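A.B. asks: This is the structure I have questions about; it appears just below.
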Amino acid sequence: MRLGILSDTHDELDRTRAAVDLLREGGADALVHCGDLTGVPVLATCVALPCWFVFGNHDSDAVPWLRRAAAELGAVCLGWGGVVELGGSRVGVCHGHLTSDLRHVLADRPDYLLTGHTHFPFDRTEGRVRRINPGALHRADLFTVALLDMATGAALTIPVPG
């Protein structure tokens, strides 16, 4: 399974469409959005593939609409953070702006922790957990997403035209 990872799209709809297209071209089987969607149109774009998402600090006003849209569109809303089984691994997801959300997700002992918030991509191992931040599609020097091959563990940061 190949997992496309996005974060911090901040209603950048055209850039999100381009990112989803790049991830699909790269073989993504599913998408995870690590928060700060800020609007339903971004979520609607992400459901081109099976999609899981969390809320970020800029989603507070949109929570009711995003929850409703998730139910209507078939996306899985993990609230402010959660862990799902994908590709044989436990994948934790939270935006990363609150330490309490990070602790809550890490308590479920994921193999991977996917976060956003920093608008800067990174891939590092912290203890026994591999933490991946795909970067951002808004307010970043370089707009990026990530593609994770769950079978091999290979991860790729993909630049998105801005």
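The values are calculated or read from the model by the stated rules, or taken from the named source; none is laboratory data. These figures come from a predicted structure and were not determined experimentally. Don't worry about glycine lacking a Cβ; one is built from the backbone with ideal geometry, like all the others, and counts go over all protein chains shown.
Here is a yes/no grid of residues against (1) surrounded by 16 or more Cβ atoms within 10 Å (Cβ to Cβ); (2) closer than 19 Å to V83 by Cα; (3) more than 14 Å from the chain's Cα centre (by Cα):
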site	(1), (2), (3)
F120	no, no, no
E126	no, yes, yes
R130	yes, yes, yes
N133	yes, yes, no
L137	yes, no, no
D141	no, no, yes
A146	yes, yes, no
G153	no, yes, yes
P161	no, no, yes
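A.B. asks: Could you tell me whether V54 is in contact (Cβ under 8 Å) with a residue 12 or more places away in the chain, touching a strand residue (DSSP E or B) at 6+ places or on another chain (Cβ under 7 Å) and under 21 Å from V145 (Cα atoms)?
C.D. replies: The answer is yes for V54.
A.B. asks: Here is a list: G27, G81. Which entry is touching an Asp or Glu at 6+ places or on another chain (Cβ under 6 Å) and either of a type in the set (A, V, I, L, M, F, W, C) or at positive phi (or both)?
C.D. replies: Being touching an Asp or Glu at 6+ places or on another chain (Cβ under 6 Å) and either of a type in the set (A, V, I, L, M, F, W, C) or at positive phi (or both) holds for just one of G27, G81, which is G81.
A.B. asks: Here is a list: V54, V47, V40, V32. Which entry is surrounded by 17 or more Cβ atoms within 10 Å (Cβ to Cβ), within 12 Å of the chain's Cα centre (by Cα), at pLDDT 95 or above and under 22 Å from G162 (Cα atoms)?
C.D. replies: V32
A.B. asks: Given the criteria part of a strand (DSSP E or B) and surrounded by 14 or more Cβ atoms within 10 Å (Cβ to Cβ), does L66 qualify?
C.D. replies: no
A.B. asks: Could you identify the single residue in A62, A70, A75 that is touching a Cys at 6+ places or on another chain (Cβ under 8 Å), farther than 22 Å from L147 by Cα and of a type in the set (G, A, S)?
C.D. replies: Being touching a Cys at 6+ places or on another chain (Cβ under 8 Å), farther than 22 Å from L147 by Cα and of a type in the set (G, A, S) holds for just one of A62, A70, A75, which is A70.
A.B. asks: Here is a follow-up. Just need a number here: residues in the range 75-125 that are within 12 Å of F53 (Cβ to Cβ), free of Cβ contacts under 8 Å to residues at least 60 places away in the same chain and of a type in the set (V, I, T).
C.D. replies: Summing the residues that are within 12 Å of F53 (Cβ to Cβ), free of Cβ contacts under 8 Å to residues at least 60 places away in the same chain and of a type in the set (V, I, T) in the range 75-125 gives 2.
A.B. asks: Return yes or no: is L73 among the aliphatic types (A, V, I, L, M) and either under 15 Å from the mean Cα position of the chain (by Cα) or under 22 Å from A155 (Cβ atoms) (or both)? So that I can check it myself, show each step before the final result.
C.D. replies: Details: among the aliphatic types (A, V, I, L, M): yes; either under 15 Å from the mean Cα position of the chain (by Cα) or under 22 Å from A155 (Cβ atoms) (or both): no.
It is false that L73 is among the aliphatic types (A, V, I, L, M) and either under 15 Å from the mean Cα position of the chain (by Cα) or under 22 Å from A155 (Cβ atoms) (or both).
A.B. asks: Please name all residue pairs, on different chains or six or more residues apart, with Cβ atoms under 6 Å, provided the first residue is in the range 11-27 and is closer than 23 Å to M150 by Cα and in contact (Cβ under 8 Å) with a residue 12 or more places away in the chain and the second residue is surrounded by 15 or more Cβ atoms within 10 Å (Cβ to Cβ) and among the basic types (K, R).
C.D. replies: Once the first residue is closer than 23 Å to M150 by Cα and in contact (Cβ under 8 Å) with a residue 12 or more places away in the chain and sits in the range 11-27, its partners that are surrounded by 15 or more Cβ atoms within 10 Å (Cβ to Cβ) and among the basic types (K, R) give G27/R2.
A.B. asks: Any chance you could count how many residues in the range 87-100 are crowded, with 23+ Cβ neighbours inside 10 Å and on the phi < 0 side of the Ramachandran plot?
C.D. replies: Step one: of the range 87-100, the residues crowded, with 23+ Cβ neighbours inside 10 Å are 91-96.
Checking the rest, the ones that are also on the phi < 0 side of the Ramachandran plot come to 91-95.
Residues meeting the conditions: 5.
A.B. asks: Within the range 81-126, work out how many residues are hydroxyl-bearing (S, T, Y), within 22 Å of T38 (Cβ to Cβ) and in contact with a Leu (Cβ under 9 Å, 6 or more places away or on another chain).
C.D. replies: So the first thing to find is which residues in the range 81-126 are hydroxyl-bearing (S, T, Y), and the list is 89, 99-100, 112, 115, 118, 125.
Now narrow it down to the ones that are within 22 Å of T38 (Cβ to Cβ): 100, 115, 118.
With in contact with a Leu (Cβ under 9 Å, 6 or more places away or on another chain) added as a condition, the list becomes 115.
Number satisfying all stated conditions: 1.
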